[in-house]
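So the structure is just underneath, and the comments pick up after that.
Computed from the coordinates by the stated procedures, all read-outs in this text should not be read as laboratory data. The structure presented is a predicted model; accordingly, all values stated were derived computationally and were not measured. Using ideal geometry, Cβ is built from the backbone for each residue, glycine included, and neighbour counts are taken over all protein chains shown.
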Amino acid sequence: MIIKNKRGFTLIELLVVIAIIGILASMVIVNVSSARDKAKDAVIKSSVSQVRAVAELSKDDNGDFDGVCGESDITGKISNNISENGGTMICNDNASEYCVSSVLNNGTSVCVDDFKTLKTGSCGTGTSCP
């Protein structure tokens, strides 16, 4: 009498395992995607906050806030950093005040003005946050 040893898995068992792995992988990808957007929003908030330092330095050099939006650090490096992470920078200034805001990836906006606090909202065409 010949006895055959069956080794391995059946095709059905392999397909079930592959399906389970696929479902778990899709759940992980969704979570990683939302974490990536949150990280980009954090970079945008940080970049908008950096404007405060540049604005204060500009005021120390020039005596007022006029020209803050023309500073090469704001129009170049900070604006590019915001754009690379999906934001759009709005910058308005005059002699006595300034306002910089950006839309985040989650649809909200952050804003900083001469009162030096990061707020929710957009400058629009004004020189102060709402």
Arrange the following residues from fewest to most other Cβ atoms within 10 Å of their Cβ: Leu118, Leu24, Leu11. Leu11, Leu24, Leu118
Expected output is a single nm value to one decimal: the length gained when fully extending between Ser26 and Thr117, i.e. 0.36 nm times separation in residues minus the C-alpha distance. What is it? 28.8 nm
Would you mind getting me the FRET efficiency between Ile12 and Asn106? Use the beta-carbon distance for r and R0 = 41 Å, nearest 0.05. 0.45
Hey, got the dipole for the chain? About the Cα centre, +1 on K and R Cβ, -1 on D and E Cβ, debye to the nearest 20? 1480
Work from the charge dipole of the stretch 11-120 (Cβ charges, +1 for Lys and Arg, -1 for Asp and Glu, about the Cα centre) and give the residue of Ser109, Leu24, Tyr98 farthest towards its positive end. Leu24
Final fewest-first order of Lys119, Lys38 on the 10 Å Cβ neighbour count is Lys38, Lys119
To test your reading of the geometry: what angle, between 0 and 90 degrees and rounded to tens, separates the Cα axis of helix 11-62 from the longest principal axis of the chain? 10
How large is Rg over Rh for the stretch 11-120, taking Rg from the Cα atoms and Rh as the Kirkwood inverse mean of 1/r across Cα pairs? 1.31
Ranked Val51, Val112, criterion: other C-beta atoms within 10 Å, fewest first: Val112, Val51
